[in-house]
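Have a look at the structure below before the remarks.
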Amino acid sequence: MIKVENVNKSFGTLEVLKGVNLTVAPGEVVVVIGPSGSGKSTLLRCMNYLEKINCGRIYIDGKLIGLREINGRLLEAPAREVYKMRADIGMVFQRFNLFPHMTVLENLIEAPVLVRKISKQEAAERALKLLEKVGLSDKANSYPAHLSGGQQQRVAIARALAMEPKIMLFDEPTSALDPELVGEVLAVMKDLAKEGMTMVVVTHEMGFAKEVADRVIFMDEGKIMEEGIPSQIFTNPKHPRTREFLSKIL
Amino acid sequence: MITSFGIVWDWAFTIKMLPLLIKGAGMTVTLTAFAITFGTIVGLIIAFLKIIKNPVLNYLGGLYTWVFRGIPLLVQLFIIHYALPVATGINFEPFVSAVIGISLCGGAYIAEIIRAGIQSVDKGQMEAALSLGMSYSQAMRKIIIPQTYRRLIPPMGNEFITLLKDTALVSTITMVELLRTAQIYAASHFKPFEMFITAGLIYLMLTTFFTVIFGKLENKLAQSE
């Protein structure tokens, strides 16, 4: 479903990703952990081309993202193709990024109507079902500013799902939340994982990683240091950096 | 009314002249309306040149602001009305020169207001819109620009008040508006006291009107926040 091949990414002279390789199978839930500055958020952002990569390739569903290959040479893909591919990749941000000038319902129907070209009525029906799923049916006509952080993030998940994506990317979805609101967001993500959604989750919630992840990736200094099933990573980490990181946070 | 310097406020003269001053104020309002309309159009175009991802257009936008914000409006008016006709042979009516001058200059300020408004929208908004599959222009139209309306209102209100007051400068290119009317009758009847103070009060009433309207607009758009 996702194939990351030898990806490098620099911001100026700072090398953030140094040759990352990663494959995610359909329906798989991959949790990426690691210290801040390890490049895990950047890797996620590269997957839907919010960041351009300097070299390497990322395939989503078999298609190269952001680039096209012509006679063995890599060229930048036209913007239109990038937009189209992003529509199939949902993304949830640390800071929610709901549209503050729109109600919850409008947040959910804007992109499906604009991008998928479905009718407003159909989009609204789907949106209401999604709001029910994330437990916020009564908030359809509220503005984001009137919701708690946990509620806003659940709306943000529903907004991404409204595009019926094949993949969901979560960029530290609970890091900006008060501790008592983390659970409600993780619960929604767990349900999604159970339904078989392909998910890549960057998080510091080790409980979630243990319980939900099919595979855990440990990143440090722009590289994948270690990967494995949660029970192996958390109880018997092989790499000393993984051990060091886990001993600090567990 | 008698002041401490022994000057007598001539009420009869003031009242007699009031219709003429109000007619001049009408011209001031007309000029302001034209200047706001064209100034906003110019401002939108220049702001667009500045935010679009194209170095050449960015440069042109910057050049425009540099020139029209850097030369005093009074000098710009003299150039348009007195200097350019010498070179081009095209003479504008004072009204046309006035509208061109104020709009071009006001446009430079309005462009800066719009640019700053757009750039003040959180970067995460564009990213969220793009991540949902929207194109850059769809994201701009539906997500970014609507969020600037409310924050544009205070600086735009300020700018419109400035434009209104700047119309007083066109009295120097023989445009008969409120100040010029006051000047003419102050000189001919030797009543500067009555004429200029009355003119000042009329300007104050006009700018107050903008202040009130923009205050109401701001409250109306505050609903979602």
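The values are calculated or read from the model by the stated rules, or taken from the named source; none is laboratory data. Nothing here was measured: the structure is a model prediction, and the numbers come from that model. No Cβ is skipped: glycine too gets one built from the backbone with ideal geometry, and neighbour counts run over all protein chains shown. What goes into the accessible areas is simple: the full protein's heavy atoms, side chains included, and nothing from ligands, DNA or RNA. Shrake-Rupley method; radii C 1.70, N 1.55, O 1.52, S 1.80 Å.
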Given H placed on each backbone N at 1.01 Å, which residues far from residue A:16 in sequence or on other chains put an amide H within less than 5 Å of it?
A:9, A:10, A:11
Averaged per residue, the 1.4 Å probe accessible area of the protein assembly as shown, protein heavy atoms only, in Å², is roughly 48
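Based on DSSP loop calls and a cut-off of at most 12 other Cβ atoms within 10 Å, the longest stretch of chain B free of exposed chymotrypsin sites (Phe, Trp or Tyr not before Pro) is what?
On the way: sites that count: B:5, B:190.
My reading of the result: B:6-189 is the longest stretch.
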If you fit an axis through the alpha-carbon atoms of helix B:11-51 and take the longest principal axis of the Cα set of chain B, what angle between them do you get, 0 to 90°, nearest 10?
20
How big is the dipole moment of the range A:102-249 about its Cα centre under a simple scheme where the beta carbon of each Lys and Arg is +1, that of each Asp and Glu is -1, and everything else is neutral? Debye, nearest 20, please.
320
Any chance you could check the Cα centroid distance between the range A:32-90 and the range B:13-82 for me, in angstrom?
46
Reach of residue A:133 by Cα under 21 Å, taken over lysines that are not fewer than 8 positions away in the same chain:
A:120, A:166, A:190, A:194
Along the range B:89-105, Karplus-curve 3J(HN,Hα) (6.51, -1.76, 1.60; θ = phi - 60°) to the nearest Hz, with x for Gly and Pro, reads x, 9, 9, 8, 4, x, 4, 5, 4, 4, 5, 4, x, 5, 5, 5, 6
Enter the buried accessible area of the A/B pair, total of both sides, probe 1.4 Å, in Å² rounded to the nearest 100.
2000
Interchain or sequence-distant (5+) residues whose placed amide H lies within less than 5 Å of the amide H of residue A:94 are A:171
Karplus 3J(HN,Hα) series, Hz, for the range A:17-27 with 6.51 cos²θ - 1.76 cosθ + 1.60 (x for Gly, Pro)
10, 10, x, 8, 10, 7, 10, 10, 7, x, x
Would you mind checking which residues have amide H under 5 Å from residue A:201's amide H? H placed 1.01 Å from N; only 5 or more apart, or other chain.
A:30, A:31, A:32, A:170
Whole-Hz Karplus couplings 3J(HN,Hα) for the range A:4-13, θ = phi - 60° and coefficients 6.51, -1.76, 1.60, Gly and Pro as x, run 9, 10, 6, 7, 10, 8, 10, 10, x, 8
For the residue A:1, residue B:33 Cβ pair and Förster radius 60 Å, calculated FRET efficiency rounded to 0.05 is 0.55
Find the relative contact order for chain B and round it to a whole percent, using C-alpha pairs within less than 8 Å whose residues are 6+ positions apart.
28
Taking 0.36 nm per intervening residue step and subtracting the Cα-Cα distance, what contour gain separates residue B:189 from residue B:14 on full extension?
61.9 nm
Chain A, Gaussian network, Cα under 10 Å: of A:108, A:74, A:192, the residue fluctuating most is A:74
Around residue A:189, what is the net charge, scoring Lys/Arg as +1 and Asp/Glu as -1 over all other residues with Cβ under 15 Å from its Cβ?
-3
Per DSSP, the loop-located trypsin sites (Lys or Arg not before Pro) within the range B:1-71 having at most 11 other beta carbons within 10 Å are B:53
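For the pair residue B:204 and residue B:120, what calculated FRET efficiency results from E = 1/(1 + (r/R0)^6), where r is the Cβ-Cβ distance and R0 = 25 Å, to the nearest 0.05?
Working: r = 31 Å, r/R0 = 1.25.
For R0 = 25 Å, the calculated efficiency reads 0.20.
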Measure nothing fancy, just the Cα-based angle from helix B:178-188's long axis to the longest principal axis of chain B, in degrees from 0 to 90, nearest 10.
20
In the range A:179-224, which GluC sites (Glu not before Pro) are in a loop and have at most 12 other Cβ atoms within 10 Å, using DSSP for the loop call?
A:195
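Report the calculated FRET efficiency for residue A:74 and residue A:118 (r = Cβ-Cβ distance, R0 = 35 Å), to the nearest 0.05.
Numbers: r = 34 Å, r/R0 = 0.98.
Approximately 0.55, to the nearest 0.05.
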Rounded to whole Å, give me the distance from the Cα center of the range A:153-214 to that of the range B:91-168.
38
If each of residue B:57 and residue A:176 carries a label point 7 Å out from its Cα toward its Cβ, how far apart are those two points in nm?
3.0
Using 22 Å as the Cα-Cα cut-off, could you pick out the over-long pairs in A:52/B:53; A:84/A:223; A:3/A:84; A:3/B:123; A:117/B:123?
A:84/A:223; A:3/B:123; A:117/B:123
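Would you list the membrane-span-like helices of chain A, meaning whole DSSP H runs whose alpha-carbon atoms span at least 20 Å along their axis and whose mean Kyte-Doolittle value is at least 0.5? Intermediate results must be reported in sequence, preceding the final value.
On the way: long enough: A:179-194 (23 Å, 0.58).
Passing helices, by number: A:179-194.
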